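Report on one structure; see the data block that follows.
Just so it is clear, none of the values below were taken in a lab; they were calculated from the coordinates. What you see is a predicted model; the values in this text were computed from it and never measured. As a convention, Cβ positions derive from the backbone with ideal geometry for all residues, glycine included, and neighbour counts pool all protein chains shown.
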Amino acid sequence: MKNVYQPNLKIREVKIGDCVAGGDTSFSFMKENENTAKVLVALEIPYLYDSSYPVLLKELWNCESFEGRLEKAADSDADIISVKFNISEINESELADAVHIAEKIIQKPLILRGANNSNIDKRLLPLLAESAKRQAVIAFGEDGTYEDIVPAVIQGGHVLSLRSPIDINLAKELNILSSDMGLSPDRILIDPDMGGLGYGLEYGYSIIERIKQAAFDGDSMLNMPIIAFIGEESYRAKEAKSKNFPESWGDYTNRAKFWETAAASALISAGVNIVVLWHPENVSVIKELVK
């Protein structure tokens, strides 16, 4: 079979603190073009516990305080710590508290993530970008919010994760629009808004693979590392958060854990450079898999 990859053409390298995302010359787990790029593993913790956060993971952290969760995450094998600031409304007190927390986080390379609410993130993410004491990934800009977020990211010297809804053309367009505002392509991560196992994995996989192939073929506006928030997507599936299944489905705690690792390993194969996990025990599992 003829090699479809062009030699010496690789994904951009994006620095995140002491880590480097990207630099790959072929798909993971393959030996074409002497690929030596490292897949990075991030562990995400919630700023606040809310009703959507799995009870299983809450019990694993066994810590009500954010500071306690942060300390445990910093002691893990994760390359990056991701903090999801899941505040529920634009409240000046909550915004101030989130900024205060962002100022204090100094452990490991960071992802500072918003609330997945456009109205909140337009206010919150620029504040987090301005308050962070060192470079971080700001997640995420999307159509409707990127214009509010890009200036603060540029000013703070941060990296911006850009999310588009599982569409290669929309991903490229958002990269171009953000670059036109002055954000260097070397400080962009592509977030294709993938679906988790049992929740649209196949479609997400195919789009990620198409983005990666276009990048290898020389598309400079898709030639950025890809990040996938796998934990959040995996634990949306009922199979990973419900005990109401026949015994043949196996022990719930193991099933929930394996659900995330199965999704992560599949999407690493598709070309993801940074996987963001929720289950703390899965960090070492995935790191061993890609070592």
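Using mean Cβ contacts within 10 Å as the protection proxy, how do 147-153, 63-69 order, highest first?
Final packing ranking: 147-153, 63-69.
If you split all Cα-Cα distances of the stretch 147-192 into 10 Å bins from zero, what percentages do you get per bin, shortest first?
29, 59, 12
Determine one quarter of the surface area of the Cα convex hull of the stretch 40-133, which equals its mean projected area, and express it in nm² to one decimal.
Taking a quarter of the hull surface, the average projection is 6.0 nm².
Suppose every Lys and Arg Cβ carries +1 and every Asp and Glu Cβ carries -1, with no other charges. What dipole size does the chain come out with about its Cα centre, to the nearest 20 debye?
580 debye
Mind checking the full-extension length gain between S284 and S220? Use 0.36 nm per residue of separation minus the Cα-Cα distance, one decimal, nm.
Result for the pair: 19.7 nm of gain on full extension.
What's the extension gain from S179 to K291 if we count 0.36 nm per residue and subtract their Cα-Cα distance?
Value of the extension gain: 37.0 nm.
Could you order the peptides 21-27, 167-173 from most to least packed, using the average number of other C-beta atoms within 10 Å per residue?
21-27, 167-173
Compute the projected area of the convex hull of the Cα atoms of the stretch 10-68, averaged over all viewing directions, and report it in nm² to one decimal place.
Reported value for the Cα convex hull: 6.2 nm².
Which entries in the list K84/K104; K212/K241; K72/K238 go over 25 Å, if you measure between the two C-alpha atoms of each?
From K84/K104; K212/K241; K72/K238, over 25 Å: K212/K241; K72/K238.
Under a 5 Å amide H to amide H cut-off, with H placed in plane at 1.01 Å, what residues pair with I111 once short-range neighbours are removed?
Result for I111 returns I81, S82, V83, V137.
Multiply the residue gap between E89 and E147 by 0.36 nm, knock off their C-alpha separation, and tell me the result in nm, one decimal place.
Computed gain between E89 and E147 is 18.8 nm.
Please state, rounded to one decimal and in Å, the Kirkwood hydrodynamic radius that the stretch 61-186 gives when every pair of distinct Cα atoms enters the mean of 1/r.
About 15.1 Å, per the Kirkwood formula over Cα pairs.
How fast does the chain diffuse by Stokes-Einstein, in µm²/s, taking the Kirkwood radius from C-alpha pairs at 10 °C and 1.306 mPa s?
83 µm²/s
Ranked from highest to lowest mean number of other Cβ atoms within 10 Å per residue, what is the order of the peptides 263-272, 177-186?
Highest-to-lowest ranking by the protection proxy: 263-272, 177-186.
Can you show me the helix-derived [θ] at 222 nm for the chain, built from DSSP H runs with n ≥ 4 at -39,500 (n - 2.57) apiece and divided by the number of residues, rounded to the nearest 500.
Taken over the chain, the calculation gives -12500 deg cm²/dmol.
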